[in-house]
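Working notes, beginning with the structure itself.
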There are 2 protein chains.
Amino acid sequence: MIRAVLLDLLGVVYDGDTQIAGAAAAVERLRQAGLPLRFVSNTTRSTRRAIIAQLAGMGIKVADEELLTPARAAVDWLRRHGRQPHLLVHPDLEVEFSGLEGGSGRAVVVGDAGEAFNHASLNRAFRELIAGADFLALAINRTFKDADGLLSLDTGAFVAALEFASGRSPVVLGKPSPNFFRSALADLNCPAADAVMVGDDAESDVAGALSAGLGAALLVRTGKYRPGDETRFDPAPTALVDDLAAATDWIISHAAA
Amino acid sequence: MIRAVLLDLLGVVYDGDTQIAGAAAAVERLRQAGLPLRFVSNTTRSTRRAIIAQLAGMGIKVADEELLTPARAAVDWLRRHGRQPHLLVHPDLEVEFSGLEGGSGRAVVVGDAGEAFNHASLNRAFRELIAGADFLALAINRTFKDADGLLSLDTGAFVAALEFASGRSPVVLGKPSPNFFRSALADLNCPAADAVMVGDDAESDVAGALSAGLGAALLVRTGKYRPGDETRFDPAPTALVDDLAAATDWIISHAAA
């Protein structure tokens with residue numbers, strides 16, 4: 001029986017700047033069913049403020065504690081370990097890492113840097129790694145659906161480049177890290193087995209959530225979904241559904257009364 | 001008993017624009033011992049003409065057929081398979097791929113593009129791959145010793161990025177591809193077991209040559225060598241020597257009379 005819902009954002013709730021048809025109404029139905037929600041996004045190009053404002057513009061009100069991002073998890077990690085970040089992230093995201101200058105060592109933080117990924121910036125991060133800096137990956141997604149509708153290289157590709165050259169393995173902070181899913185549920189007092197995840201990434205969202213112990217994970221046919229994704233990764237989705245509206249039907253029919 | 005010698009260039013014969021001390025004299029001693037030589041380089045930033053001219057400037061005369069480069073192997077592959085290249089290589093190298101426009105399909109060719117590696121160029125190559133283009137890697141080296149004396153990211157890192165995102169595996173044309181070592185020996189009428197490789201890359205040069213069946217592979221302490229490299233990869237070097245001069249002593253003492 002489902003008691004809590006984790007929702008991916010890009011490709012599930014919106015695509016680019018546009019709501020996916022029926023998404024706001026679906027979120028509202030989940031709220032009216034009394035299900036606590038958490039939005040778990042690997043989008044690492046926007047600040048939390050910008051994401052919450054974007055959702056508000058689509059008629060979806062999200063409280064600060066309902067949004068989990070890898071950047072917040074990274075800041076927690078850096079504070080806990082006393083490290084200064086060497087950032088290889090989108091320029092818009094840098095502000096979220098301010099106030100961490102006092103650390104005793106360094107940690108390379110890789111997010112979706114977009115156009116800021118180039119030979120020089122990757123090489124600087126590589127040299128930090130071989131000099132002994134810690135290695136944090138905000139996400140390891142392979143691809144995302146870009147503004148032109150085609151797939152583009154996501155953070156995971158650049159993390160793989162640094163990993164291959166340095167021989168170092170990253171600490172992954174976003175999905176599919178089990179800790180990321182669990183921390184999303186931590187203040188809901190809900191066992192993982194009673195939660196469902198909805199995503200368009202069969203690997204990071206769906207297989208990741210099931211591996212983290214969630215009771216169910218639904219793959220939507222929106223966003224970056226491509227036919228066959230439902231059989232491409234293990235574990236396979238609990239169900240394949242058209243979109244968030246259909247996922248909501250499934251969830252409400254499986255919810256604790 | 002050694003009957004033929006394969007020599008790496010960067011880090012063995014020269015570093016940047018400078019001969020490594022004693023290298024020209026060592027090459028001359030190998031020639032006087034009657035040992036046929038092949039220069040097998042993964043350097044993919046320079047044309048064959050430029051490499052031969054650079055060696056001549058150091059007093060080392062190399063005939064065209066003595067130099068094997070991954071670009072030449074790639075051009076052979078593209079001709080044989082009737083493919084047009086989509087190049088992600090150093091701009092200086094593009095000229096070696098002229099005259100291949102008539103192919104029936106496309107192949108992404110990745111070399112050490114240097115500053116030409118950026119988000120846009122990598123993404124264009126990625127999109128070719130997921131659209132079905134073949135995938136050729138001129139090399140998969142992890143690092144090289146850069147002009148400032150520090151290690152930098154080499155081609156293999158960017159190949160790994162494309163491989164991770166596309167789920168495609170490259171055909172590797174340079175070292176450590178067994179075919180590359182074997183083609184270097186093909187016109188020497190020398191069994192692989194009677195040949196020795198000398199290199200500064202314990203993985204690509206040394207383990208690669210031994211895996212390809214060469215009888216011996218010597219690791220030099222020049223170039224990108226870092227202490228401990230001799231135990232980092234399997235198979236381990238036949239011997240660890242100071243430089244090409246010391247390698248030459250070893251080779252001459254093991255040569256067929």
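Assorted remarks:
- Any hit, region A:189-201, residues being within 14 Å of another protein chain (Cβ to nearest Cβ), touching an Asp or Glu at 6+ places or on another chain (Cβ under 8 Å) and without any contact (Cβ under 8 Å) to a residue 40 or more places away in the chain: no
Quick grid of which residues meet (1) farther than 17 Å from B:Thr44 by Cβ; (2) without any contact (Cβ under 8 Å) to a residue 24 or more places away in the chain:
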| position | (1), (2) |
| --- | --- |
| B:Val89 | no, no |
| B:Phe97 | no, no |
| B:Ala116 | no, no |
| B:His119 | yes, yes |
| B:Asp134 | yes, no |
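- The listed residue being out of contact with any helix residue (DSSP H, G or I) (no Cβ under 7 Å at 6 or more places or on another chain) and not assigned by TED's automatic domain parsing to the domain that holds B:Arg142, out of B:Asp205, B:Asp234, B:Asp229: B:Asp205
- Just one of the listed residues (A:Ala71, A:Ala25) is surrounded by fewer than 18 Cβ atoms within 10 Å (Cβ to Cβ), of a type in the set (A, V, I, L, M, F, W, C) and out of contact with any Cys (no Cβ under 8 Å at 6 or more places or on another chain), and it is A:Ala25.
- Single residue of region B:98-113 satisfying the filter (within 14 Å of chain A (Cβ to nearest Cβ) and of a type in the set (Val, Ile, Thr)) that is nearest to B:Thr155 (Cα to Cα): B:Val110
- Search result, residues across region B:1-22 that are surrounded by 14 or more Cβ atoms within 10 Å (Cβ to Cβ) and acidic (Asp, Glu): B:Asp8, B:Asp15
- The one condition from (1) touching a strand residue (DSSP E or B) at 6+ places or on another chain (Cβ under 9 Å); (2) within 24 Å of B:Ala207 (Cα to Cα); (3) of a type in the set (A, V, I, L, M, F, W, C) that B:Ala131 does not meet is (2).
- Odd one out for B:Val95 among (1) closer than 26 Å to B:Thr222 by Cβ; (2) among the aliphatic types (A, V, I, L, M); (3) more than 10 Å from chain A (Cβ to nearest Cβ): (1)
- Which numbered condition B:Asn179 fails, given (1) at pLDDT 95 or above; (2) within 14 Å of the chain's Cα centre (by Cα): (1)
- Only one of the listed residues (A:Glu101, A:Glu66) is farther than 19 Å from A:Phe126 by Cα, modelled with pLDDT of 95 or more and of a type in the set (Asp, Glu). That residue is A:Glu66.
- Taken across region A:49-56, residues that are of a type in the set (Val, Ile, Thr), exposed (fewer than 15 other Cβ atoms within 10 Å of the Cβ) and either in a strand (DSSP E or B) or outside the structural domain of A:Thr222 (by TED's automatic domain parsing) (or both) do not occur at all.
- Of all residue pairs spaced 6 or more apart or on separate chains, those with beta-carbon atoms under 6 Å, a first member in region B:50-73 that is among the small types (Gly, Ala, Ser) and a second member that is part of a loop (DSSP other than H, G, I, E, B) are B:Ala73/B:Leu173.
- B:Arg221 vs. criteria surrounded by fewer than 17 Cβ atoms within 10 Å (Cβ to Cβ) and either of a type outside the set (D, E, K, R) or touching a strand residue (DSSP E or B) at 6+ places or on another chain (Cβ under 9 Å) (or both): yes
- Restricted to region A:80-188, the set of helices (runs of 4 or more DSSP H) holding at least 2 residues that are assigned by TED's automatic domain parsing to the domain that holds A:Gly16 comprises A:178-186.
- Only listed residue being surrounded by 19 or more Cβ atoms within 10 Å (Cβ to Cβ) and farther than 20 Å from A:Leu138 by Cα, chosen from A:Leu173, A:Leu214, A:Leu185: A:Leu214
- Evaluating A:Leu88 against the criteria (1) of a type outside the set (Gly, Ala, Ser); (2) under 24 Å from A:Asp205 (Cα atoms); (3) over 16 Å from the mean Cα position of the chain (by Cα); (4) modelled with pLDDT under 95 leaves one unmet condition, (4).
- Subset of region B:114-169 (residues that are at the interface with chain A (Cβ under 9 Å from one of its Cβ atoms), among the hydrophobic types (A, V, I, L, M, F, W, C), under 26 Å from B:Tyr14 (Cα atoms) and buried (at least 24 other Cβ atoms within 10 Å of the Cβ)): B:Phe117, B:Ile140, B:Leu153, B:Ala157, B:Phe158, B:Val159
The values are calculated or read from the model by the stated rules, or taken from the named source; none is laboratory data. The structure presented is a predicted model; accordingly, all values stated were derived computationally and were not measured. In this analysis, Cβ positions are derived from the backbone assuming ideal geometry, glycine residues included, and neighbour counts consider all displayed protein chains.
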